[in-house]
Amino acid sequence: MHDDPFVRLLEEPFSSDLLANWNEFLNLQPQGSFFQSPDYIALFKDCSNFEPLVIVAVNSEESFTGILVGLTIVDHFYGIPFQRILVIGGPVISVSLPNPEIVLRALLLTLKSRVPAKTVFVEIRNLQHWGEHAAIFRESGFIWHDHLNDILPVHDESQVIPAIKPAKQRQIRRGIENKAVIRPAVSKSEVEDLYTLLLDLYKKKVRKPLPPLAFFTNFYERIQLGNKGVILIVVHKDQVIGGMVCPFSGKNTVHEWYICSIQNRLKHLYPGVLATWAGIDYATQHKFRYFDFMGLGHPQKPYGVRDFKTKFGGDVINFGRWQLIINKFWYMVGLFGYKIIKRFSWL
């Protein structure tokens, strides 16, 4: 029997009591993360083509027993709209429940029933292993895909540097010796400078949609100034040459969400290496337990980003992803289109 009567959608504006209960619930769950929090949703205010979807489960006393936060995203491929739902981290279920599978199943089935029209697929990017509960995802129509991640322990500072490959250690030293400076952004104009680098990277290499500038200024004003994340930048002679956007999951994890560096110039400063080191060093110095590289691609496919990231140490883990394909025709069209775009990304 499903706990359907206690599963509902939440819609903005959220009351202060609801926000307090939401945050308290996440703080009590080991799998709770920034990406299932109200702060995550707040980033998309004033961002067109991004619409949050929040599903909660409560008990008879109206206490949270589970939550699932997704984001409906409308991309455009040469003017053609392509809508998907992205769930980072997956559902969060109370660890105190005797039968957590009931709430997990109810959240997934409610998600399926509330998928907006024109959605092509739903993707859950896991931040944990689901173990025996993986069967519930399959029962609900989700398909498993391998996808690697790299989790770097940073709670023992003495082990962080030795885990980095010697060549990367030298590049970090040389970049700093050549007067590159790593620090948090201190103004919206510096965030805008970093966004310019991100736009260039996504246009020429990543070839995926990038949230608008408002998303990053929201992060600076709401998350960084609230001490729930940080935008780190690499600066040389007052020029932003790289950086990383890092949300925090409590005091446990710093996540590498968006990262970029200046392209094809100032190579003696190693801006890409310093941008990665910026997040690792911040997590270490501020006594977090882990640094999360946020994705290394499919294990059977060559991926230069994976080759680069693993040179900084960490444990490679296959958390995988779950996909629910709603419209197979447009899914295959989108997949084919993306491959074509990537193939000619040098143009």
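The values are calculated or read from the model by the stated rules, or taken from the named source; none is laboratory data. Everything quoted here is computed from the prediction, not taken from an experiment. Positions of Cβ are generated from backbone atoms using ideal geometry, with glycine treated the same way; all protein chains shown enter the neighbour counts. Surface accessibility is based on the protein's heavy atoms, side chains included, excluding ligands, DNA and RNA. Shrake-Rupley method; radii C 1.70, N 1.55, O 1.52, S 1.80 Å.
Brief remarks on what is shown
- Strands (runs of 3 or more DSSP E) (entirely within region 36-115) containing at least 1 residues that are over 26 Å from HIS255 (Cα atoms), of a type in the set (Val, Ile, Thr) and in contact (Cβ under 8 Å) with a residue 40 or more places away in the chain: 50-58
- Considering ILE259, ILE280, the condition of being of a type outside the set (Lys, Arg), over 17 Å from LYS208 (Cβ atoms) and within 21 Å of the chain's Cα centre (by Cα) is satisfied by ILE280 alone.
- Meets criteria (touching a helix residue (DSSP H, G or I) at 6+ places or on another chain (Cβ under 7 Å), assigned to a helix (DSSP H, G or I), open to solvent by less than 60 Å² (accessible area, probe 1.4 Å) and without any contact (Cβ under 8 Å) to a residue 40 or more places away in the chain) for ILE136: yes
- Counting the residues of region 216-238 that are touching a residue at least 40 places away in the same chain (Cβ under 8 Å) and either in a strand (DSSP E or B) or over 27 Å from ASP46 (Cβ atoms) (or both) gives 9.
- Residues in region 1-59 that are polar (S, T, N, Q), over 21 Å from VAL103 (Cβ atoms) and surrounded by 13 or more Cβ atoms within 10 Å (Cβ to Cβ): ASN49 alone.
- Candidates are the residues of region 183-213 that are assigned to a helix (DSSP H, G or I) and β-branched (Val, Ile, Thr); the one that is farthest from the chain's Cα centre (by Cα) is THR196.
- Residue within region 151-162 that is assigned to a helix (DSSP H, G or I), under 30 Å from LEU68 (Cβ atoms), open to solvent by less than 30 Å² (accessible area, probe 1.4 Å) and not charged (D, E, K, R) present: no
- Within region 182-214, the set of residues being more than 27 Å from THR72 (Cβ to Cβ), among the hydrophobic types (A, V, I, L, M, F, W, C) and surrounded by 14 or more Cβ atoms within 10 Å (Cβ to Cβ) comprises ILE182, ALA185, LEU197.
- The one condition in (1) hydrophobic (A, V, I, L, M, F, W, C); (2) touching a strand residue (DSSP E or B) at 6+ places or on another chain (Cβ under 6 Å); (3) closer than 29 Å to LYS301 by Cβ that ILE93 fails to fulfil: (3)
- Long-range neighbours under 9 Å by Cβ, at least six apart or interchain, first residue in a strand (DSSP E or B) within region 5-20, second surrounded by 10 or more Cβ atoms within 10 Å (Cβ to Cβ) and among the aromatic types (Phe, Trp, Tyr): LEU10/TRP22
- Qualifying residues in region 286-311 (those that are within 14 Å of GLU157 (Cα to Cα) and in contact (Cβ under 8 Å) with a residue 60 or more places away in the chain) - the one surrounded by the fewest Cβ atoms within 10 Å (Cβ to Cβ): LYS287
- Per-region count, region 1-60, residues farther than 17 Å from ILE73 by Cβ and within 15 Å of the chain's Cα centre (by Cα): 7
- Under the condition of being touching a helix residue (DSSP H, G or I) at 6+ places or on another chain (Cβ under 7 Å) and open to solvent by less than 90 Å² (accessible area, probe 1.4 Å), the residues counted in region 164-180 number 8.
- Residue check, PHE248 among the hydrophobic types (A, V, I, L, M, F, W, C), open to solvent by less than 50 Å² (accessible area, probe 1.4 Å) and part of a loop (DSSP other than H, G, I, E, B): no
- Residues in region 165-182 include none that are in a helix (DSSP H, G or I), aliphatic (A, V, I, L, M) and free of Cβ contacts under 8 Å to residues at least 40 places away in the same chain.
- Region 301-347 - residue that is at pLDDT 80 or above and β-branched (Val, Ile, Thr) and, of those, farthest from the chain's Cα centre (by Cα): VAL333
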